[in-house]
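Below is one structure, written out as structure tokens; comments come after it.
Here, each number is a calculation from the coordinates, and none is a lab measurement. Every value quoted in this text rests on a predicted model; they were computed, and no experiment measured them. Glycine gets a Cβ as well: all are built from the backbone with ideal geometry, and neighbour counts include every protein chain shown.
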Amino acid sequence: MTSRSADEVKAEFIQSFPAKTGELACELSWSITHLHLKWKNYRALFGTSPERIDLLNHAAPGFFGQLDPIMRHDVVLAITRLMDPPRTGRHKNASLGGLIELLAPHVGAAELAGWQPEPAPLNAAAKPRRALRDRFVAHEDLATALNYPLSRCPASVVRTWRHCSNVFAACSIRSRRSSSARTPRTS
């Protein structure tokens, strides 16, 4: 297996995607990869068995008690960032919706129609995570802070980030096919 530097990977994305879309596609690919790794690490520590939780509680209860919500909140933030709208006010967001918006002029109407409905179920699944982010993780909403249940990350979060990954992969494959049929572009 050949290893490549981050700059080489980014250059490949820029070359493979239509003009002004490769950098964002690369960033989202890295974000999704990191999200997978974060969730895998969380599950390895806290989602394997009651015996594992007992071991962590015995070894360093304070440390792992703090680490658990930190890791869950990091997953929530990563999912909601991916599912943010293309822009918030005057600021552009690095999100799947932003990538689809940038790719729209470079793909056919049929391809675009195939991508646009896909974020709808993702947005519906991400909506409660956004509420969690906006009311507790990223801000300190008083009512939420006083009544926040410290429960495990629900299975719907896992389904949401897996679906994010699948939508990104579909966009990536379709975009690369579309751009390979055209003349080379500059970034």
Item to check | Chain lengthening between Ala19 and Ala60 when straightened (0.36 nm per residue, less Cα-Cα) | outcome: 9.7 nm
Next on the checklist: Can you list residues from other chains, or at least 5 along the same chain, whose modelled amide H is less than 5 Å from the amide H of Ala138?
Outcome noted: none
Checklist outcome for this item: Note, Leu37: beta-carbon cut-off 12 Å, +1 each Lys/Arg, -1 each Asp/Glu, net +2
Next on the checklist: Sort Leu122, Leu56, Leu82 by Cβ crowding within 10 Å, fewest neighbours at the top.
Outcome noted: Leu56, Leu122, Leu82
Next on the checklist: I need Trp39, Trp30 ordered by Cβ neighbour count within 10 Å, fewest first.
Outcome noted: Trp30, Trp39
Item to check | Inter-site label distance for Ala113 and Thr33 at 7 Å from Cα along Cβ, in nm | outcome: 3.5 nm
Next on the checklist: Per 0.36 nm of contour for each residue apart, how much would the distance between Thr2 and His73 grow if the chain were fully extended, relative to their Cα-Cα spacing?
Outcome noted: 22.1 nm
Checklist entry - So how do His34, His58, His91, His73 line up by other beta-carbon neighbours within 10 Å, fewest first? => result His91, His58, His34, His73
